[in-house]
Amino acid sequence: MNRANYWIFIDDKLDEANSFADKLMEHGEITIEAMLPSDGRDCLLSSSVHPLGVLMDVNLSDVKGELGTGPGFAQDIRVKQRSKEIPEYPVVRFSGKDPVKQKIGGDPTSNDLFDLMIYKEEVKYSRDSIVRMLNGVSDIYSWLGKFQDEKLDNSQLIQKSFGLSEPFVSGWGHDDFFKKFVTSAKVGPHVASSLLLRTFLDKTGLLIDELLLAVRLGIDIEKSGDAWFDLLGRLQTVKYRGVGSDYFDRWWARGLDDWWYSEVKATDALVSCDVVSRVEQIANWSGLTTLISLKDGEVSTFRPWYFCQLGLEQEPPQRILIDPRNAIKISTFDDFYPWVDSAYASLKLAAQFAKEDPRLDSDEVDCLIRAKE
Amino acid sequence: MSDEFFFQTDAAIIQRLGRELVARQDTALSELIKNAYDADATNVEVTFDLSSQNHSITVSDNGSGMSKSELVDGFLRLASGNKVSSPFSEKFSRRRAGKKGIGRLAANRLGDYLILETRSKSEECGWKLTVDWRKFCQGAELNEVPVRIVKYDRAQAGTTLRVEKLFDQWSDATIKRAFRNIIRLQTPFPVAPVEDQPRKDPGFEVKFIRDDNLFNEKTEIVNIETELLQYAQAVVELSVDDDGNALWRWTNQGTGLSSEWKKIHHEALENKNPHSYANLRKVWMKTYYFILLPNLYPSMVFSRVKEELTTMGGVRLYRNGFRVVPYGEPDNDWLRLDELYAKRSFLAPIANRNYFGVVEVKDTEGTLFEEHTSREGLVETPAVDELRNLISSVLITVAGQISEERGKKTRASDKQPQRLPDQEDTAGKLKLALAGLRSATSNRIDRSSTNSTDNGSDSVAENIDEVENLAEVLSLEVAKAKAEMADEAAMLRLLATLGMTTAEFSHETGMTFDAFRFDFEAVFKVAVGARSGDHEFATKANRAKTMLDRLDALTSYLNALASSRSAREVRPVSLTRIVESFKNGVAAQANSASVDLEVSVPPYDPLFTCPIHEAELASVLLNLYTNAVKAMKRAASERRVLIEVSRLSEEQLEITFSDTGDGIAEENKERIFDPFFTTRTAPPGSASDIEHARGTGLGLWIVHQIVENVNGEICVIDPKHEYSTTFQILIPAEE
């Protein structure tokens, strides 16, 4: 097996695991070897194999004699990594939605063990972006492993890590995040990586991805065609260029607001404009007249800012645009990080799931529905 | 020194053999009729002259008759053994009904005199034999009692036995018992004209006639109609014409109403105008259908009908007018009715014992229905296969429709089992009979105290008889009810097991399916690459991928339904969500069937229902949807389905389900929720269990049950604009 970009996938169903591995490997950007838990322990905990990363299923009990779990195995790896007995590499939770729900649903205590948490169901929809993320995580580990040799002070470390010059660090970033990052980075790559990925690169807050960028600009990517890519070229100033940026296409959320005022010369805040107004002003500024605005059914005057979190969790995922003023905030099982945006749900889905999803406040849902009626 | 001695035969041996070996008069008479059967007769007339002083019975047949030598060496020679050495009759090769060679002595059991007139085809004249059984008395030597034979003129071959000075009274009940003894020897009834073919058995018909000398009137006392067929619940008729068009109908014997003749092909069950049969031609069938429940028959009749059908039930096959065995014989399940019923995949009574019928096929060339050289069955040609499937399909369909009609008497949603009223009815009769018995007993006491000559014993005896009868009926009804409850419990257990198994493994299939999809796509990609330029292969590959997507969506939806939470928890569920999930789940299937599926839900109201199984609510939609798709396929017009959900009030939610199918006939609107009601023809007995489960007419009944179980309502309302059918379902809202 080609050991470049070599990952190990721990699963109790080897046939299925190999199918998933083959799917992820189909374009050759990554190499994945599926292993049963017992073989994985032999390789990983003895340090006989040094992969670029590990994919870990949650339920491992379907193989004869296996008593352990994915999070348990991940903890063993982290402990050995912290004590330098084995090299640092990412551990990504890679499991079906059902086992996660059954085994650890609503319990965030194992989340810190993983750099990323990916559902197997997502592979059929987002194979390419998953592989990019996996390679991105490896890249982050690589970077985090190297910088410690460079004797950087905190300020330099932040500027270099996040690709920001001094005036923008406080403007587009968040002091608490940077402080926590510096602290984590000194403990070990996997501690810093977990923070970077789970509260920064893979969460909406300081950064937004391309789809959300389009939503905030009110643009329909598919209908706008090349004009969208032209616009992206003009947004280079607010593009994230820090650690992992080769794999995670992100834009600074606050940078976008700055760009809106300084470049587009808008007088009203981006969030307060409806999609037609947003696109009109961008077109006027850029000359990209073929940009098409998003529509919510027949309504074109809405002001979307997020995707509905409950919609994204459906099978298949639904990208429902929401204006937070008409949406319900979802509480999270994770620790609260002030630089991470809250998740929101559309009122419609929130109403449907309020009785069974403890993250939703059913009183608040009822209240909002009554207000709508 | 030894002397030789010989057995001597006292003439009383005749009395012993005739009167003591045959205990009952009706058995004795049927023995005489069996002799006619063995003599290859096709018609027998049994005439009872009971009006004159000299009561007599005459058995007259058109059989082979006897020559003088046969009369002397056969009839007059006891235990001659002819029937043992020749177990089959000479002309039609019938398996002889009598074998011991003493059947003729049964005449001695009936009366003092026997006058036998017979003529063999081989002779020009007939012979008349007269026997006075009284002369065969104790002390006389058997060979010393003369029997007189005289020559006489007789036009037709055959035999006539006349028994005079009868010993017994012959009530209608006794005559009917005699008839029933020989019922199985007879051709039940004609279905198609019989063609005359030498040595082919055209059947055996017996008529029991009362001759009223006073008015010289002859009336038929009993026949198969009076004994059996009149008690059938329905008559099923079928014909296939010269072009292979099959038509069938059934008649409710209770109401006399017949269905219209409907065209059928067992492979096109949904189609109201199916294609013709490729091989089948010239078939006629008439079959009587019996539901063997005590309450459907007069008291005392049920046990008899049940017993007769147990041994005679089934559908006999006649080819060119002649019986083909073993079809319709006991233990022959050529239509696979017993098998299907035993599997309980079809709950209506459809065993062979529930049918008594004849199917005739005309095939004079012998090209479609060829008999095995052994004369045991037909060679398995495509026509035979079509015949078997067609008949069983029709019979099963009728059974389903009759069950549905019977179910209509009490509503499908009744929580009480339907048979309970019957039992209450019988119990009520039993109480009345007991009251009558009490009254008769007290009258008797009163009379004895007043020294009346009429002590009332007849009245008491009659009431006791009635009580016993009713007790018997009641116990049979209870036994039947128990058996049916056990059947239902078994069915529910099976369904529950299936549900639990599905739920248990559903989460496994999810990831396995994804894994399979990835490998499948990889293999296809390589294959398509290797066959670049092969347009046909690329088309197939794309088609397979599309179908996989469709399967994927449907499987995901069904897996979600079968998940433990959905299947096991009763809780308020969001109608809005259920309907939208349903749309997502079946969208790919709908697209493939060219169905435009639209749902309309309120923008914010989740429409929480009263506590209900989420999976049950989804199955309501799935049932209505599959019915709609079938109806739209039949309608051959644009296919649109609209599901709307809304809140009617604080307490009530509404689902309307509309489609552009071929609509529901006005007269069926109230019946469609009855169990077993279906406009679809049942598949043949040989079809799979799944195929039978699809066509039982239980789908909407289950829907009805689910809705009613939560105190909801379902009905067919006037269709919405631009739709042909609209169901309205009202579900209580969450309190």
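Things to note:
- Residue in the stretch A:361-369 that is under 27 Å from A:S110 (Cβ atoms), away from every other protein chain (no Cβ under 12 Å) and touching a residue at least 24 places away in the same chain (Cβ under 8 Å) present: yes
- Condition check for B:D212: surrounded by fewer than 17 Cβ atoms within 10 Å (Cβ to Cβ), charged (D, E, K, R) and modelled with pLDDT of 85 or more: no
- Across the stretch B:685-706, the number of residues qualifying as open to solvent by less than 10 Å² (accessible area, probe 1.4 Å) and modelled with pLDDT of 65 or more comes to 2.
- Total residues in the stretch A:213-235, condition under 15 Å from A:W172 (Cβ atoms) and outside any helix (DSSP H, G or I): 1
- Taking the criterion of being touching a helix residue (DSSP H, G or I) at 6+ places or on another chain (Cβ under 8 Å), more than 11 Å from chain A (Cβ to nearest Cβ) and within 29 Å of B:Y625 (Cβ to Cβ), the residues of the stretch B:518-545 that qualify are B:A544, B:K545.
- Set A:G218, A:G244: member being crowded, with 22+ Cβ neighbours inside 10 Å, more than 15 Å from the chain's Cα centre (by Cα) and not polar (S, T, N, Q): A:G218
- Residue in the stretch A:167-182 that is open to solvent by 40 Å² or more (accessible area, probe 1.4 Å), part of a loop (DSSP other than H, G, I, E, B) and either of a type in the set (D, E) or in contact with a strand residue (DSSP E or B) (Cβ under 6 Å, 6 or more places away or on another chain) (or both) present: no
- As for the stretch B:653-668, it holds at least one residue that is over 23 Å from B:K583 (Cβ atoms), in contact (Cβ under 8 Å) with a residue 60 or more places away in the chain, open to solvent by 20 Å² or more (accessible area, probe 1.4 Å) and not aliphatic (A, V, I, L, M).
- Candidates are the residues of the stretch A:34-61 that are among the acidic types (D, E) and open to solvent by 50 Å² or more (accessible area, probe 1.4 Å); the one that is nearest to the other protein chains (Cβ to nearest Cβ) is A:D39.
- If you go through the stretch A:17-33 and keep only what is farther than 15 Å from A:I118 by Cβ and open to solvent by less than 30 Å² (accessible area, probe 1.4 Å), you end up with A:S19, A:T31.
- Set side by side, the residues B:L368, B:L296, B:L280 differ, and just one is open to solvent by less than 20 Å² (accessible area, probe 1.4 Å), at pLDDT 80 or above and not charged (D, E, K, R), which is B:L280.
- A:G65 falls short of the stated requirement of being closer than 25 Å to A:L201 by Cα and open to solvent by 40 Å² or more (accessible area, probe 1.4 Å).
- Residue among B:K282, B:K306 that alone is among the charged types (D, E, K, R), farther than 18 Å from B:S686 by Cβ and under 17 Å from the mean Cα position of the chain (by Cα): B:K306
- Yes/no for A:L196 being without any contact (Cβ under 8 Å) to a residue 60 or more places away in the chain, in a helix (DSSP H, G or I) and surrounded by 20 or more Cβ atoms within 10 Å (Cβ to Cβ): yes
- Taking the stretch B:120-182 and the strands (runs of 3 or more DSSP E) fully enclosed by it, the elements with 2 or more residues that are basic (K, R) and surrounded by fewer than 19 Cβ atoms within 10 Å (Cβ to Cβ) are at B:148-152.
- Total residues in the stretch B:566-623 satisfying the condition of being hydrophobic (A, V, I, L, M, F, W, C), under 40 Å from the mean Cα position of the chain (by Cα) and outside any helix (DSSP H, G or I): the figure is 3.
- Residue that is farthest from B:I672 (Cα to Cα), among those in the stretch B:607-629 that are away from chain A (no Cβ under 14 Å) and surrounded by fewer than 18 Cβ atoms within 10 Å (Cβ to Cβ): B:S619
- Within the stretch B:40-62, being surrounded by fewer than 24 Cβ atoms within 10 Å (Cβ to Cβ) and in a loop (DSSP other than H, G, I, E, B) holds for B:D40, B:T42, B:L50, B:S51, B:S52, B:Q53, B:N54, B:H55, B:N62.
Yes/no per residue for (1) among the small types (G, A, S); (2) surrounded by fewer than 20 Cβ atoms within 10 Å (Cβ to Cβ):
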position	(1), (2)
A:F94	no, no
A:S110	yes, yes
A:K124	no, yes
A:V131	no, no
A:G136	yes, no
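- Residues that are touching a residue at least 60 places away in the same chain (Cβ under 8 Å) and not in a strand (DSSP E or B) were ranked within the stretch B:310-332; the one that is surrounded by the most Cβ atoms within 10 Å (Cβ to Cβ) is B:G321.
- Every residue from the stretch B:1-34 that is over 32 Å from the mean Cα position of the chain (by Cα), polar (S, T, N, Q) and either under 24 Å from B:L142 (Cβ atoms) or open to solvent by less than 50 Å² (accessible area, probe 1.4 Å) (or both): B:Q8, B:T9, B:Q15, B:Q25
- Summed over the stretch A:22-59, residues that are in contact (Cβ under 8 Å) with a residue 24 or more places away in the chain and under 25 Å from the mean Cα position of the chain (by Cα) total 19.
- Checked against (1) aliphatic (A, V, I, L, M); (2) more than 11 Å from chain B (Cβ to nearest Cβ); (3) open to solvent by 60 Å² or more (accessible area, probe 1.4 Å), A:A343 meets all criteria but (3).
- Matching residues in the stretch B:79-96 - criterion: being surrounded by 15 or more Cβ atoms within 10 Å (Cβ to Cβ) and at pLDDT 75 or above: B:S89, B:K91, B:F92, B:R94
The values are calculated or read from the model by the stated rules, or taken from the named source; none is laboratory data. Note that the structure is predicted; figures quoted are calculated from it, not measured. Ideal geometry is used to build each Cβ from the backbone, glycine not excepted, and the neighbour counts take in all protein chains shown. Areas reflect the complete protein model, heavy atoms only, side chains present, ligands, DNA and RNA absent. Shrake-Rupley method; radii C 1.70, N 1.55, O 1.52, S 1.80 Å.
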